[in-house]
Amino acid sequence: MAGQAEHVVRRLRDGMAGGVLSFPLTSFRADGSLDADGFRAYVAGQLAAGPGALFPACGTGEFFSLDEEEYRQVVSMAVEEAGGRVPVVAGAGYGWAQAVRFARIAEDAGADALLVLPHYLVGAPQDGLVAQVEAIAGRTGLPLVVYQRGQVTYTADSLARIARVPGVIGLKDGHSDLDRLQRLTLAAPDGFLFFNGAATAEIQARAYAAVGVPAYSSAVHAFAPEIADAFFAALRGGDQGTADKLLRGFYVPFAELRDRVPGYAVSLVKAAARLRGRPVGPVRAPLTDPSTADLADLRALLGAGLDLVGASL
């Protein structure tokens, strides 16, 4: 296990240095059924854009609405399409017993690691959060990246305990509490991976990098890799002018549009992908597709963002 974890850490670290992390959408047909051909075509397009890693069946991929067979298909197809070119990190969540069921499916499908999504419904003390991770890690051969957001927030002491659990290799943060995050990075051992998982992560990418967390997931990459890659290049190259131009002209207005309706963090991304002709289909309930008015605003904003990087709708 130690050797596998070290290998995955190296691959993820190398990938993060060269590109954003892709969290692909899951393709559904109009009747809500899984569209396998559409998903394969979509993932192939994501991979062609050169992400640092692929994270199927996570939040953007509507993990919460997939049954176990659909999950198996999604992870298997992502692994097959990736063909070893980039690491594939599959989502797994709910209580630890159910998370382990998904973990075993992902392991059989050939995933390289797991992103442990927040557990279901209830709040929990720190000892319980640590026990949840220990229970999952002890029942899978895959390395784990834990995800703190929603009802899951780790203290520095808990993070240090989790980091000592065999197979736990990193943490993705969705809270954007940079004081707490700095404490977590200082409590972690050398080589532990940290990811910026804030909504529209590019807006906070410079702040995260300042506390030692330069890697981030990009929802924008799911529908406009041209914009995501241009921002990534500007950020890594120290081109503050281009980064600011993209933030003002696209990312901040997109975040404001996203905040209009609960669930738009996924629904808008999927709608934008459809506007680009990607075969992703609608969202599943309880999410809803954007209203006609919001879709018109999204189309205009997407066009403006693509113009900024010299691309077309």
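Just so you know, all these numbers are worked out from the coordinates, no wet-lab data involved. Owing to the predicted nature of the structure, the values given are computational and were not obtained by experimental measurement. Neighbour counts are summed over all protein chains in view; Cβ atoms, including those assigned to glycine, are modelled from backbone coordinates with ideal geometry.
Quick grid of which residues meet (1) under 22 Å from the mean Cα position of the chain (by Cα); (2) assigned to a helix (DSSP H, G or I); (3) farther than 25 Å from Val145 by Cα:
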| position | (1), (2), (3) |
| --- | --- |
| Asp229 | yes, yes, no |
| Ala265 | yes, yes, no |
| Leu287 | yes, no, yes |
| Asp294 | no, yes, yes |
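Of the residues Glu256, Glu226, only one is surrounded by fewer than 21 Cβ atoms within 10 Å (Cβ to Cβ), among the acidic types (Asp, Glu) and in contact (Cβ under 8 Å) with a residue 60 or more places away in the chain; which? Step through it out loud before you land on a result.
Working: Glu256 fails: in contact (Cβ under 8 Å) with a residue 60 or more places away in the chain.
Selected residue: Glu226, the only one of Glu256, Glu226 that is surrounded by fewer than 21 Cβ atoms within 10 Å (Cβ to Cβ), among the acidic types (Asp, Glu) and in contact (Cβ under 8 Å) with a residue 60 or more places away in the chain.
Only one of these is under 16 Å from Gly310 (Cβ atoms) and surrounded by fewer than 20 Cβ atoms within 10 Å (Cβ to Cβ): Ala265, Ala233. Name it. Walk me through it before giving the result.
Working: Ala265 fails: under 16 Å from Gly310 (Cβ atoms).
Answer to the check: Ala233.
Specify the residue that is surrounded by the most Cβ atoms within 10 Å (Cβ to Cβ); the eligible residues are those in the stretch 190-223 that are within 19 Å of the chain's Cα centre (by Cα) and among the charged types (D, E, K, R).
Glu202
For Gly277, are the conditions met, namely being closer than 23 Å to Leu54 by Cβ, over 21 Å from the mean Cα position of the chain (by Cα), without any contact (Cβ under 8 Å) to a residue 40 or more places away in the chain and surrounded by fewer than 22 Cβ atoms within 10 Å (Cβ to Cβ)?
Values: closer than 23 Å to Leu54 by Cβ: yes; over 21 Å from the mean Cα position of the chain (by Cα): yes; without any contact (Cβ under 8 Å) to a residue 40 or more places away in the chain: yes; surrounded by fewer than 22 Cβ atoms within 10 Å (Cβ to Cβ): yes.
So Gly277 passes the test.
Mind telling me which of the residues Leu142, Leu159 ends up being in a loop (DSSP other than H, G, I, E, B), over 17 Å from the mean Cα position of the chain (by Cα) and buried (at least 20 other Cβ atoms within 10 Å of the Cβ)?
Details: Leu159 fails: in a loop (DSSP other than H, G, I, E, B).
Step by step, each of Leu142, Leu159 is checked, and only Leu142 is in a loop (DSSP other than H, G, I, E, B), over 17 Å from the mean Cα position of the chain (by Cα) and buried (at least 20 other Cβ atoms within 10 Å of the Cβ).
Restricting to the stretch 236-253, name every residue that is free of Cβ contacts under 8 Å to residues at least 24 places away in the same chain, basic (Lys, Arg) and either closer than 16 Å to Asp307 by Cβ or not in a helix (DSSP H, G or I) (or both).
Initially, the stretch 236-253 is screened for residues free of Cβ contacts under 8 Å to residues at least 24 places away in the same chain, giving 236-242, 244, 248.
Keeping just the survivors that are basic (Lys, Arg) gives 236, 248.
Scanning the stretch 236-253 gives a single hit, Arg248.
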